[in-house]
Amino acid sequence: MGPSLTFKTGVRDVLPTVFGYIGVGLAFGIVAHTSHLSLLVVAGLSFIVYAGSAQFIITSMLLLHDPLSAIFISTFLVNSRMILMSTSLAQYFKHESLLRNLLIGTLVTDETFALAMNKQNKTQGRLSFAWQSAANLVAYLVWGVATVIGAMLGGLIADPTRLGFDFALTAMFIGLVYLQLISDKHLGMSLQLTVMVFVALAYYFLIGVMSQNFALMIATVAGCLFGMELKKCR
Amino acid sequence: MSISLTELWVILGCGAITVLSRVLPFAFVKSLNMPDWLISFLSFVPITIMTALCCESLFVAHAGHLATLNVANCLAAIPATLAGILTKSLLMVVVVGIMAMAVLRYFAIGG
């Protein structure tokens, strides 16, 4: 990943993450197919809701005939981390018009956010509308198409996890967190490592007593507060 | 190709909830000057969220009990991390990770 911020570079930079989208997207399509969702519903979920983990949860709640209100609340909780990520990412686009900010915000995901944070380490803290839009659009299209293909293949593939594609997403986050660790010069390696250990421990203890989504949010917020205090002490 | 009324409401409602969670912060940040403490807080969001997302796949939750490790994911994470350290390439981390997981599944290691 170099310092260039053109649309073309954005497409190139997002390519490694595409594996994760294809693997999980196919898996989602297959799960949705076996949960009796039609292609139209799968496409609607992927292109309108566009929220990886929330889509899995919505699918299982639809299957269980849960009330609409419960589905809405779950979706909000799973996606509440988007509020943190968007607030963080938005700082890089303050100089752009409101419309461009809203366009970027509409398609932000865990992956494109993490990618952007890695990118700005290479560009002295700058990001561009063209670069971010390229990453967002490629991710959006690949995700939508992969889920629809997964739903069409449905019954044909017995076990998509056998080839290890489900691990692509985890591997991607491991790669992104490592690259973040070694390249964020503002925070430095030792401070970041301490915060990582804190978050991992917090998450480990929290998931015993609350849902994974709550644990993820609380561990993240607690990690940020811990990091702030630690930075002040140094 | 069919869609029930409930499914339509779920798609539109959840779509609205998701897009608002994503877009409103951009509108706020654009129109407000953020205090220093908030900027400092947000500077830790990338590393904390990415760490928590990794932990989500490395731990298995058991309600009321301590979590256990997802052995297969933890094992595959080792070569993936090594690939990152050696190549500093995201693509290599993903490719090595997928291959490691395929090998683990082939030999039925880690459940």
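Read-outs: derived from the displayed coordinates by stated rules, not from any lab. As the structure is a computational prediction, the values presented were derived from the model and not from experiment. Every residue, glycine among them, receives a Cβ derived from its backbone with ideal geometry; neighbour counts consider all protein chains shown.
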What FRET efficiency, computed as 1/(1 + (r/R0)^6) with R0 = 45 Å and r the Cβ-Cβ distance, is obtained for residue A:122 and residue A:65, rounded to the nearest 0.05? 0.40
Using R₀ = 25 Å, calculate the FRET efficiency as 1/(1 + (r/R₀)^6) where r is the Cβ-Cβ separation of residue B:63 and residue B:109; round to 0.05. 0.40
Could you work out the relative contact order of chain A, using alpha carbon pairs under 8 angstrom and six or more residues apart, expressed as a whole percent? 35
Dividing the convex hull volume of the Cα atoms of the range A:104-234 by its residue count, what figure in Å³ per residue is obtained? 151
For the range A:111-185, run through the trypsin sites (Lys or Arg not before Pro) and keep only the ones in DSSP coil with at most 11 other Cβ atoms within 10 Å of their Cβ. A:185
Which chymotrypsin sites (Phe, Trp or Tyr not before Pro) in the range B:20-111 pass both tests, a DSSP loop state and at most 13 other beta-carbon atoms within 10 Å? B:107
Mean residue ellipticity (222 nm) of the protein assembly as shown, computed from DSSP H runs ≥ 4 via -39,500 (n - 2.57), nearest 500: -25000 deg cm²/dmol
Placing unit charges on C-beta atoms (Lys and Arg positive, Asp and Glu negative, everything else neutral), compute the dipole magnitude of the protein assembly as shown about its Cα centre in debye, rounded to 20. 920
Output field shielding_mean for A:76-85 (other chain Cβ, 10 Å radius) holds 5
Grab the Cα-Cα distance for residue A:156 and residue A:80, subtract it from 0.36 nm times how many residues apart they are, and report the gain in nm with one decimal. 23.8 nm
What dipole magnitude, in Debye to the nearest 20, does the range A:7-184 give about its Cα centre under +1 on Lys/Arg Cβ and -1 on Asp/Glu Cβ? 520
Ignore the peptide's own chain and count Cβ atoms of other chains within 10 Å of each Cβ in B:94-105; give me the average, rounded. 6
For residue B:59, enumerate residues with amide H under 5 Å from its amide H, sequence gap 5+ or separate chain, H modeled in the peptide plane. B:70
